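Structure first, then comments.
The values are calculated or read from the model by the stated rules, or taken from the named source; none is laboratory data. Quantities reported herein were computed from a predicted structural model and do not represent experimental measurements. Note that we place each Cβ from the backbone using ideal geometry, even for glycine, and neighbour counts take in every protein chain shown.
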Amino acid sequence: MANSASSSAPLLTADGTPLKVGLQRSLRRSKLKAVGLVFPPLLFLIVLFIVPIGDLLTRSIDDTRINYQLPLTFALIDTWDKKTLPDESLYEAVFRDLSSINKFLIKDNFGTVVDPKDPAWAVSIPRKGPYQDAILEIAPDWRSPANWLPLRAVAVKASQATGAAIDLRKAKIKAEFTICKDLTPLKNASCSNLYRELLKWDGNSEPAEDLFKALFKDLSYAAKYLIGKSSTRMNYEKPGFKSLLKKSGRKFKKVEEGPYKEALIKADKRWGDIEFWKALITMQDPNTSVYYLNSLDRKWDADHEIVMQPEERRVYVMLWERTFWLSLIVTIGCLMLAYPVAHLLATLPLRHSNLLMICVLMPFWTSLLVRIVAWMVMLRSEGVVNDTLVAFGWPDESRLQLMYNFTGTVIVMIQILLPFMILPIYSVMKTIPPSYMRAAQNLGAPPSLAFLRVYMPQTLPGVGAGVILVFIVAIGYYITPELVGGKDGRLIGNMVAYHMQKSLNWGLASAMGAILLVGILILYWIYDKVVGIDNMKLG
Amino acid sequence: MALPSYATPAQRIWHYIYLAMCSIVLFFLVMPLLVVIPISFTSTPFLQFTPEMLRLDPDAFSLRWYRIMMGDCSDPGITTVCSDNWKIGALNSLKIGITATVLATTLGILAALGLSRPIMPFRKLIMAMMISPLIVPLIITASGTFFFFARLDLVATFWGLVLAHTILGLPFVVITVTATLVGFDTNLTKAAASLGGGPIRNFFKVQMPLILPGVISGALFAFITSFDEVVIVLFVGGPDQITLPRQMWSGVRQEISPTILSVATILVIMSICLLTTVEMLRRRSERLRGIRPS
């Protein structure tokens, strides 16, 4: 090809374009085709998997709700010297933040942008009405119908829904939530009064008292709901906040006017405890690291130092350690059991090994829950294992406690994860020619030395793959410890589930999930370096 | 592996220890599953081998727990709740599993075809992302999906579960189909194209039949993943979305009755069938690609 003539004139393809251009074009086309093929599944994966997990991670640092709850307090708290009890202005701020709905009506009501000098904060809406004048004093915008119309559109649209009775009801409830969502930072507060009144209103006339009454009622309901949520959050920071806020909510109704400092401390003496005020400071930042600290048994103190939680609240470090040790024990156990079996499978003639392979693969293909049920039948105190032992003369009164503890979790997890260890080791052993061992022995090595120096080093890639795989799967396990773990077989995964479903401390659940995820991604990266994800095989 | 005739006594002893160890491990792997099967036929409400069963007394065995599983509540000795939930759950699991499998298989084939092309930018990264649902703990996936689906109003819907299960099944299809495509002779598609076939027709007539074993085993993996999945169902599913694993989960958490063992027996038999299918497909695929078993 490379002769002197072609070096001066560029090579041309059949249609006369230079070869270089033609090749580039076809290369680009082929690249586009490949990208086009991968694009739909990749988009699917990103939207439904990567984004939700990212969403989960943002939750672990999100602390905006508390800023919605205490806008005025947080705007003023930096003026406090943090040594003595705060002065009257801060007490007044707390009082207004906890007892008025003004924050929902004032624009820029969030965190640091709040202007404490705005007179709208001091307006108090009479509890029994009239509402219109007071609300308009806070937020004059509500005078014009334009402010109400978008809300009315939501209600009207829902009222015009067609279908079965249950669908109509669902549409109504959804509209009530949507209206509240537009007015407050809350997703599941219901604005049913507004829904009703907005439908009665014609949309043109000047908004009347009824509408303002509905607005007040719904926002008061939302405010209560918000306090419930944020008091839970505040309780993570300092135990006692929840009951303090609950009690304050009742007592504050009687407080008509200042001085608020005395009134608040009279309502609950904890308002005179400087520790509660110090705890408020730690919640000011809308991005919090508290969940990460909590999931490692640590917290901020008022001087912005990280300190350990009090002794009786420390659980998570112990759980992380337990998760780590259990995964390690399971991994080592699997390795010890898997190595000889993989060797046997790799060295037996094919027709024998196929049968044994089925023994390895069958649990792999069987439902996880079925395997756990099977183990429960085996390990119960009246289970097959104990019955067999007793039949062979084991004393009946000292049956082994094999389930609902650490031992049970280890036994069941080893059996469940064993195929993940056997298969990678087997596939590597399969490629080692048996002649190597024979050669080593021929050269005078005793079998044990030949095994250690010749055979075993060659199996290390498979061992590495199996070990990392089993460890990755074990560390995030949830189902098995939940069902057979009892109290001391619980792992981090179970704690994530507990905080997701029971305590509803979603921030903490997300933070723990995030830490777990980072650990697993590091292991995944190592797996890729050691084995290469392309070499991942199934069965 | 047999011992050579010149093995020393120590080697012989070691060899037998080794064989014994392997047998114990294999026994450990299979035994719990095999124990479940006879106990599921018990006529008593106890989850153990009664002396009568060990004597092979025919009266000790019955199908009563299978009848209860099928929703026949006429049995006088029922202690646990008897309902149609097992049937409903199986049906729901099938529906969700099949829909998710179809979606995962379609998307997985596309991804595998793209990733197996010689020129693919960010190949490794994309592959790592495609496999990541397999690596990320289910509890994290379930939590993230729950929050995300709550925003999209997909919680407690059929499609919510299907989409979440599709994500879980996708990596399996990508892995198996990519593995089949490794030995694929691209000259075949080129030949087909030169003979005038359009790309879509060529795919279905030439490429698809050759990668079919990989596609089917990937689809089976995806199906079994969805069919066996409980964490996502617990988080994302509504209270009336009963699936088979969910029903088992609640059964295990309350009190295990032999009904669960009947279900387990059926699932074990199903898994044996699936396993056999996949093994046969794997061999067929190796034969098609000209790889002889050693």
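Taken together, A:368, A:335, A:350 contain a single residue that is within 14 Å of chain B (Cβ to nearest Cβ) and under 30 Å from the mean Cα position of the chain (by Cα), which is A:368.
Looking at region A:44-91, the helices (runs of 4 or more DSSP H) lying wholly inside it that each contain 2 or more residues that are away from chain B (no Cβ under 14 Å) sit at A:64-69, A:71-76. Filter region A:373-396 down to the residues that are more than 7 Å from every other protein chain (Cβ to nearest Cβ), within 29 Å of residue B:231 (Cβ to Cβ) and assigned to a helix (DSSP H, G or I) and list them by number. Within region A:373-396, A:379, A:385 meet the criteria. Residues in region A:433-470 that are in a helix (DSSP H, G or I) and over 30 Å from residue A:529 (Cβ atoms): A:435, A:438, A:439, A:441, A:442, A:447, A:448, A:449. Of all residues in region B:65-74, which are over 28 Å from the mean Cα position of the chain (by Cα) and within 17 Å of residue B:256 (Cβ to Cβ)? Answer for region B:65-74, where residues must be over 28 Å from the mean Cα position of the chain (by Cα) and within 17 Å of residue B:256 (Cβ to Cβ): there is none.
With the condition kept exactly as written, say whether any residue in region B:248-264 is in the same structural domain as residue B:90 (by TED's automatic domain parsing) and under 19 Å from the mean Cα position of the chain (by Cα). Checking region B:248-264: at least one residue is in the same structural domain as residue B:90 (by TED's automatic domain parsing) and under 19 Å from the mean Cα position of the chain (by Cα). Checking each residue in region B:152-191 for being within 26 Å of residue A:497 (Cα to Cα), more than 8 Å from chain A (Cβ to nearest Cβ) and part of a helix (DSSP H, G or I) picks out B:158, B:159, B:160, B:161, B:162, B:165, B:168, B:169, B:171. Among all positions in region A:336-356, there is at least one residue which is surrounded by fewer than 20 Cβ atoms within 10 Å (Cβ to Cβ), in the same structural domain as residue A:410 (by TED's automatic domain parsing), within 30 Å of residue B:258 (Cα to Cα) and modelled with pLDDT under 90. Annotation: of all residues in region B:268-289 being free of Cβ contacts under 8 Å to residues at least 12 places away in the same chain and within 11 Å of chain A (Cβ to nearest Cβ), the one that is surrounded by the fewest Cβ atoms within 10 Å (Cβ to Cβ) is B:273. Among the residues here, residue A:319 does not qualify as surrounded by fewer than 22 Cβ atoms within 10 Å (Cβ to Cβ), over 34 Å from the mean Cα position of the chain (by Cα) and not small (Gly, Ala, Ser). Within region A:397-432, the residues that satisfy the criterion of being away from chain B (no Cβ under 11 Å), part of a loop (DSSP other than H, G, I, E, B) and surrounded by fewer than 17 Cβ atoms within 10 Å (Cβ to Cβ) are A:400, A:401, A:405. Consider region B:51-71 and keep the residues that are within 13 Å of chain A (Cβ to nearest Cβ) and surrounded by fewer than 15 Cβ atoms within 10 Å (Cβ to Cβ). The one that is farthest from residue A:360 (Cα to Cα) is B:51.
Residue A:195 fulfils the conditions (1) modelled with pLDDT of 85 or more; (2) farther than 18 Å from residue A:132 by Cα; (3) in a helix (DSSP H, G or I) except for a single criterion, (2).
Among the residues of region B:1-46, the ones that are touching a residue at least 24 places away in the same chain (Cβ under 8 Å) and at the interface with chain A (Cβ under 7 Å from one of its Cβ atoms) come to 3 in all.
Each residue in region B:225-258 was checked for being at the interface with another protein chain (Cβ under 9 Å from one of its Cβ atoms), assigned to a helix (DSSP H, G or I), touching a residue at least 60 places away in the same chain (Cβ under 8 Å) and β-branched (Val, Ile, Thr), and 1 pass. Can you confirm whether residue A:519 is more than 7 Å from every other protein chain (Cβ to nearest Cβ) and touching a Pro at 6+ places or on another chain (Cβ under 7 Å)? It is false that residue A:519 is more than 7 Å from every other protein chain (Cβ to nearest Cβ) and touching a Pro at 6+ places or on another chain (Cβ under 7 Å).
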